[in-house]
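The values are calculated or read from the model by the stated rules, or taken from the named source; none is laboratory data. Keep in mind that what you see is a predicted model, and the values were worked out from it rather than measured. Reconstructed Cβ throughout: ideal geometry from the backbone, glycine too, with neighbour counts over all protein chains shown. Only protein heavy atoms, including side chains, enter the accessible area calculation; ligands, DNA and RNA are left aside. Shrake-Rupley method; radii C 1.70, N 1.55, O 1.52, S 1.80 Å.
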Amino acid sequence: MKKLWPSKQLAGYISVVFAAAVVAIFAGWTGFASRIDNYAYDFFFGLYPPHVEARESALVAIDENTLNEFGGMRRIRSILAATLDRLATAPPKAVALDVILADPGDPAEDAKLEAAMARTHDLVLPCELVPGGWENPIPRFSRHAVALGHIHADDKARDGVSRQIQLEKLAPGDRRWALSLVAFQYSRGGQPIMESPEDLEIAGVRIPAARRAGERPLRIRFAPDTAGISAADLLHDPSVAAELKGKTVFVGVTALTAARDRLITPLGESVPGVAVHRDAFETIAQGQFLTPASNLTVLAVCFAFAAAAGFTFWYRGGWSAYVIGAGLLGVAHTVPAYLFRQGLVFPYFAAVSAAWLPVAAAATYRYFVVRGQLHQSESDKARYRQAIHFVTHEMRTPLTAIQGSSELMGRYVMSEDKRKQIALMINSESKRLARMIQTFLDVERLTEGQTDLKKEQFGVEDLMATCLARVIPIAERKQIQIHPPEPTTDVLTGDRELMEYAVYNLLTNAVKYSEAGTEAWLSGERSGGWVRISVRDQGIGIDAKEIKNVFTKFYRTKKAEASGESGTGIGLSIVDQIVKEHGGRMEVASRPGQGSTFTMILPCHAEAPVDALSASKRM
Ligand code: ADP
């Protein structure tokens, strides 16, 4: 596999993908996310209902029929007494009653119920948390119970759907287990409940219900069928009781008119509280637990998705990256469903957003990088083309001179003097050519950041004199007078050859873009720690809105194009580059039709030491 981008972009890329993952994880903690998680949970619930092979429990329902036939809720204690008596003939393993009996009723009825309770083995009675503590059944009932269990449904779900119960609930100084848990305990012969912060254990069954803020939530595997056996049927037909032999029986009111607590399950069914307790019991008895994934697991999976997205778009190019990215999204969407089947509740929103955001971030980053690369290679190509143009254009003049002169020498007999003169000319033109190539290469390397600048010392006056001498013949041909600078002793440090190229370029531009008969000025002045080398002309000038462009490679002003002077628009960009490399900057002042002043502002650290000046004069 080949890496697509240079590694300097790696840090930026990693931080973008990482940031996307962090945003996704934080988004997973919002209220909106938990709503989505709940929807997904309920959806998976319908998709994968629990397999209940042999139920250990049964529900005896005091339903509409029972109430109609046996005198309604006013006679509930008699109904319960008769039901318990009938159950005792089976007998069940344990009986859990989900009817609050906190107040004394009709004494005769209470006596009947108490006697029935006394005959019931392993009876579990309900209690409720009210302001001020636990509300228990009256003592005459509770003394026949092996234990009390609370019957609170979980009230934390904002959407009103019951998904869990709290296995333990605390009133100050008095902790109670859930009715279903206690019923399970007595279905296992009343073995003790062993607790640890992470789970509970009864008779070798581990119940993964970690304690959170004093409560232990247990997710219930609701079974679709919740109707149960009608108490009326049980009372009419003694043989029905036989079905309940050895089971744990939950007895409660299910009649719509009388049940105080009806709850909505993830399956969308409205069920009475007693059915919830029965399903909670069955969840424990069948060991079909649904445990929430730990925060650490969620973090690890989310970062794994982000890392996979990151690797995909880092190592893969083109459509294959997008195909793998799409596959990753598919996995992220299905992993929570798969884990649900395994009994692990994984937050759906976090999984999905931890894949989507990093994939989107990585793909976008990649898109911009590829676009940037394209742009870069386009401009490299254009630069290369212009460079070729520049080289051929600039070299044509000296080459033509050399070619012409050498032909003259070969074809005609000429005086020794003339011959020497032409040979001298060939020599100087070929030197100019070589210099040009060298400068060009130096500047190219400078632009690429490949070369270290030479660090020579040279006098400003000497530098200006050299350039002036070279430009005067050209200026004279155009009858332009260039005024020489005032003497100065300032010294510059840097690459003299490049500096000469810069000053010479400004001077030739002044000549090139001025009318015949005008004047130009060259000056070099000290201003604080800086030397200002200026070339002023009375030429065509530059429009204000074009000034900022003249240092752009290959830019030529409209006036320059119209002047008929040939040019490539590369010279000033090189000058600018050279000045910048020397720690300085360029300044331009110009008015159309009135002339321009180009100034190189360069740092100057010292006055010329005598030998530096004379050394540079010798060159
Ligand atoms: P070239 O002269 O080869 O076109 P340069 O990079 O040296 O390229 O200059 C870029 C442009 O800046 C020129 O084409 C011209 O439009 C403008 N320019 C440079 N110097 C002058 C000047 N002294 N007066 C007017 N315009 C100038």
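Numbers at a glance
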quantity: Probe 1.4 Å, protein heavy atoms only - accessible area per residue of segment 1-127 in square angstrom; calculated: 49 Å²
quantity: The chain: angle of helix 107-119 to the longest principal axis, Cα-based, in degrees nearest 10; calculated: 80 degrees
quantity: Probe 1.4 Å, protein heavy atoms only - accessible area per residue of segment 217-336 in square angstrom; calculated: 40 Å²
quantity: Proximal aspartates and glutamates to Lys418, defined as alpha-carbon separation beneath 19 angstrom and excluding residues fewer than eight positions away on the same chain; calculated: Glu407, Glu429
quantity: Normalised contact order of the chain, rounded percent, pairs of Cα under 8 Å and 6 or more residues apart; calculated: 13 percent
quantity: For Asp261, distant residues with modelled amide H under 5 Å away; calculated: Gly273
quantity: Amide proton proximity set for Val249, modelled H, under 5 Å, gap of 5+; calculated: Ala58, Lys93, Ala94, Val95, Ala96
quantity: Selected from Ala382, Ala20, Ala81, residue furthest toward positive end of dipole (the chain; charges at beta carbon); calculated: Ala382
quantity: Fraction of the pair-distance distribution of segment 47-141 above 17 Å, Cα-Cα pairs, percent; calculated: 57 percent
quantity: Net length gained if the chain between Ala108 and Glu561 were fully extended (0.36 nm per residue, minus Cα distance); calculated: 151.2 nm
quantity: Heavy-atom accessible area order for Phe440, Phe340, Phe18, largest first, 1.4 Å probe; calculated: Phe18, Phe440, Phe340
quantity: Whole-number percent relative contact order across segment 28-130, with pairs defined as alpha carbons under 8 Å at least 6 apart; calculated: 27 percent
quantity: Members of Lys381/Lys548; Lys169/Lys247; Lys454/Lys580 lying beyond 22 Å, as alpha-carbon distances in this model show; calculated: Lys381/Lys548; Lys169/Lys247
quantity: Area projected by the alpha carbon convex hull of segment 474-514, averaged over all directions, nm²; calculated: 3.5 nm²
quantity: Label point distance in nm, Glu269-Ala227, each placed 7 Å from Cα along Cα→Cβ; calculated: 1.0 nm
quantity: Sequence of Trp356, Trp29, Trp319 when ordered by accessible area, the most exposed leading, probe 1.4 angstrom; calculated: Trp319, Trp29, Trp356
quantity: Of all DSSP beta bridges in segment 490-538, antiparallel share, percent nearest 5; calculated: 100 percent
quantity: Estimated dipole of segment 464-619 in Debye, rounded to 20 [Cβ of Lys and Arg +1, of Asp and Glu -1, Cα centre]; calculated: 360 debye
quantity: Amide N of segment 398-420 lying under 17 Å from the label point, which is placed 7 angstrom from the Cα of Ser430 along Cα→Cβ; calculated: 398-411, 419-420
quantity: Cubic angstrom per residue, convex hull over Cα atoms of the chain; calculated: 264 Å³
